[in-house]
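Structure record follows, encoded as structure tokens.
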Amino acid sequence: MIIYKNYFDKLDKIRSGEISLKENVKYFLKAIEEKKSLNAFNFVFADDALKNAEIVERKIKEGNHGKLAGMVIAIKDVLAYKDKPLTCSSNILRNFISVYNATAIRKIIDEDAIIIGKTNCDEFAMGSSNENSAFGNVLNPVNNSYVPGGSSGGSAVAVAAGLCDVSLGTDTGGSIRQPASFCGIYGLKPTYGRVSRLGLTAFASSFDSIGPFANNIEDIALVLQIISGKDEMDSTSADKDVPDFTSLPDINYKPVIGIPKEYFGEGLDKEVRQLIDNKINEIKSKGFEIKNISLPNTEYSIATYYILTTAEASSNLARFDGARYGYRHKDSSSLKQMYELSRTEGFGAEVKRRIMLGTYVLSAGYYDAYYRKAQKVRRLLKNDFDNAFKQVDLILTPTSPFPAFKVGEKSNDPLAMYLSDIYTTSANLAGIPGISIPIGKNSNGLPVGMQIMANQFEEKKLLQFGKYLQTQT
Ligand code: GLN
């Protein structure tokens with residue numbers, strides 16, 4: 001077992017010869033094999049990874065390597081990686097092969113990262129427990145009878161179980177932050193538009209973002225740095241300067257931290273609350289100003305999220321019709337029947353539920369009552385954050401109202417499942433960045449995460465404060 005603190009430490013050790021990159025990749029491949037029962041990976045690229053390890057190790061020795069040279073990364077199976085399967089953990093894309101690289105993937109490859117495999121997730125990123133996957137459940141490495149969270153469950157587990165250095169996930173309503181909290185690691189959802197969505201299979205296009213999971217803040221910052229930036233191929237990517245996320249000096253200013261009362265009400269697990277309260281007190285004792293604030297429209301966030309994202313999903317997933325991509329029902333008697341049977345057999349239950357909900361809220365007669373109204377509420381939620389960020393730099397909340405739950409516990413109760421995103425969907429509705437930071441374990445030994453949100457394009461404040469907390473513990 002090779003020990004390194006973060007990527008920079010690893011790079012030093014590769015340079016000095018203390019670590020052989022090839023041995024390091026072999027170590028991860030062995031760990032993936034040994035922990036196969038966690039089901040974190042849909043595909044492992046052993047041969048490519050070993051070959052690239054040799055090439056990159058040489059580049060490092062010669063001093064002409066990229067900024068992620070030797071970082072071993074796993075990517076969620078909703079991201080396009082050229083000539084590799086792209087299934088979105090769905091039967092409808094079971095045999096689909098990517099014809100190009102997602103921009104985020106191209107960028108990490110250009111910087112000499114080593115992609116070790118594609119991770120399991122909820123089908124089309126719809127879910128909170130990784131129980132909606134055509135590749136089967138993913139298990140929480142801390143305790144195998146619990147879920148790892150979702151939808152980026154495989155990506156979180158890949159890092160938490162030591163199967164890679166860093167992973168990429170996607171977050172539409174919490175799918176990076178919630179599994180990071182359930183698995184006891186760091187996970188960051190960037191500002192909407194910070195990272196190009198080209199090659200990210202769309203679930204809800206106005207919510208989706210790509211972001212990293214890691215064991216430490218430095219790696220989160222570095223990977224965010226690489227994948228960020230305007231992309232001519234994604235008109236929703238932001239034309240904003242990307243600050244140097246990796247220079248994280250020990251905090252030289254004291255951000256004002258807001259605690260929104262709406263995130264500490266009914267439904268919040270007692271032990272989670274206790275751990276968060278302890279952390280807040282600790283921060284206060286270090287001289288940070290803590291302000292009680294209100295985000296008054298919070299109670300509408302889940303309803304708004306599930307109206308708007310299902311509407312967008314029903315439109316985005318219309319392209320999977322058996323004619324163009326992936327699975328096609330072979331012996332149908334008409335075109336209509338081919339569409340029907342391909343979709344009936346190709347999609348899982350949760351995806352069908354969302355398509356039906358979304359079609360309903362967009363249909364004539366209901367559009368005004370649901371979709372249009374939800375758009376208006378989205379604006380109110382954004383206004384809440386705009387007002388809050390006039391008073392505070394950061395907003396601190398629990399990531400999820402409870403720690404990981406048992407496999408099967410909520411899988412037959414969609415509403416209960418949806419409530420696990422009660423604290424995370426608002427950041428996607430408002431387009432702001434959020435990070436989940438591990439802060440401890442409950443009496444069952446299950447990890448608990450704390451969420452910190454910042455205003456749009458202020459990821460650096462999250463990283464700086466995250467670094468401060470990391471140093472404290
Ligand atoms: N769990 C939420 C959902 O099911 C969030 C999913 C996500 O962020 N991709 O929609």
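FYI, it's all coordinate maths here, none of it is from the lab. In this text, all values refer to a predicted model and were calculated from it rather than measured experimentally. With ideal geometry, Cβ positions are generated from the backbone for all residues, glycine too; neighbour counts draw on all protein chains shown.
Applying a 10 Å radius around every beta-carbon, put 415-422, 162-169, 241-248 in order of their mean neighbour count, most first. Intermediate values should be presented prior to the final figure.
Working: 415-422: 19.1, 162-169: 27.6, 241-248: 15.2.
Going from most to least packed, we get 162-169, 415-422, 241-248.
Restricting to the chain, compute how many DSSP beta bridges are antiparallel as a %, nearest 5. Spell out each step's value before the answer.
Numbers: 30 of 44 bridges.
About 70 percent, rounded to the nearest 5.
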When the charge dipole of the range 364-446 is computed with +1 on Lys and Arg Cβ and -1 on Asp and Glu Cβ about the Cα centre, the Cα farthest towards its positive end, among A388, T399, P414, belongs to A388
Given 366-378, 141-153, 49-61, the highest-first ranking by average Cβ count within 10 Å works out to 141-153, 49-61, 366-378
For the range 166-260, one quarter of the surface area of the C-alpha convex hull, expressed in nm², comes to 7.3 nm²
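Over 13 Å apart: what share of the alpha carbon pairs of the range 417-473 falls there, rounded to a whole percent? Don't skip to the end; give the middle numbers.
Working: 1050 of 1596 pairs.
In whole percent, the share of Cα-Cα pairs in the range 417-473 beyond 13 Å is 66.
With an 8 Å Cα cut-off and a minimum separation of 6 or more residues, compute the relative contact order for the chain in percent.
Numbers: 1089 pairs, mean separation 81.2, N = 473.
Once normalised by length, the contact order is 17 percent.
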The set of residues whose placed amide H lies less than 5 Å from the amide H of F43, leaving out same-chain residues fewer than 5 positions away, is K118
About its Cα centre, the chain carries a charge dipole, from +1 on Lys and Arg Cβ atoms and -1 on Asp and Glu Cβ atoms, whose size in debye to the nearest 20 is 280 debye
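Would you mind estimating how fast the range 265-342 diffuses translationally, via Stokes-Einstein at 4 °C and 1.567 mPa s with the Kirkwood radius over Cα pairs, in µm²/s? Working shown, then result.
Numbers: Rh = 17.8 Å.
For the chosen part, D equals 73 µm²/s.
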Given 335-348, 100-113, the highest-first ranking by average Cβ count within 10 Å works out to 100-113, 335-348
Going fewest to most other Cβ atoms within 10 Å around each Cβ, F405, F264 line up as F264, F405
Here the Kirkwood hydrodynamic radius of the range 32-186, Cα-based and in Å, equals 15.3 Å
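Just to confirm the filter: which GluC sites (Glu not before Pro) across the range 237-296 are DSSP coil and have at most 12 other Cβ within 10 angstrom of their Cβ?
On the way: sites: E262, E266, E271, E282, E289; in loops: E266, E289.
For GluC sites (Glu not before Pro) across the range 237-296 that sit outside H, G, I, E and B with at most 12 neighbouring Cβ atoms in 10 Å, the list reads E266.
List, in the order given, every pair from K35/K76; K22/K467; K352/K410; K26/K461 whose Cα-Cα distance in the structure shown is over 27 Å. List each step's numbers first, then the result.
Values: K35/K76 18 Å; K22/K467 30 Å; K352/K410 18 Å; K26/K461 36 Å.
Checking Cα-Cα distances, K22/K467; K26/K461 exceed 27 Å.
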Spelling it out for R94: with amide H atoms placed in the peptide plane at 1.01 Å from N, the residues 5 or more places away or on another chain with amide H under 5 Å from its amide H are Y327
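Which links in K82/K460; K36/K67; K84/K107 stretch past 25 Å when you go from one Cα to the other? Intermediate values should be presented prior to the final figure.
Details: K82/K460 31 Å; K36/K67 30 Å; K84/K107 17 Å.
As for pairs spanning more than 25 Å Cα to Cα, those are K82/K460; K36/K67.
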Note to self, the chain gives a 222 nm [θ] from helices alone (DSSP H runs n ≥ 4, -39500 (n - 2.57) apiece, / all residues, nearest 500) of -11500 deg cm²/dmol
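Which order do R197, R15 fall in if you start with the one that has the fewest other Cβ atoms within 10 Å?
Values: R197 24, R15 15.
So the ranking, lowest neighbour count to highest, is R15, R197.
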Along principal axes, largest first, the alpha-carbon spread of the range 1-74 in whole Å comes out as 38, 23, 17
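Give me the percent of Cα-Cα pairs in the chain that sit more than 33 Å apart, rounded to a whole number. Intermediate results must be reported in sequence, preceding the final value.
Values: 35931 of 111628 pairs.
When all Cα pairs of the chain are counted, 32 percent exceed 33 Å.
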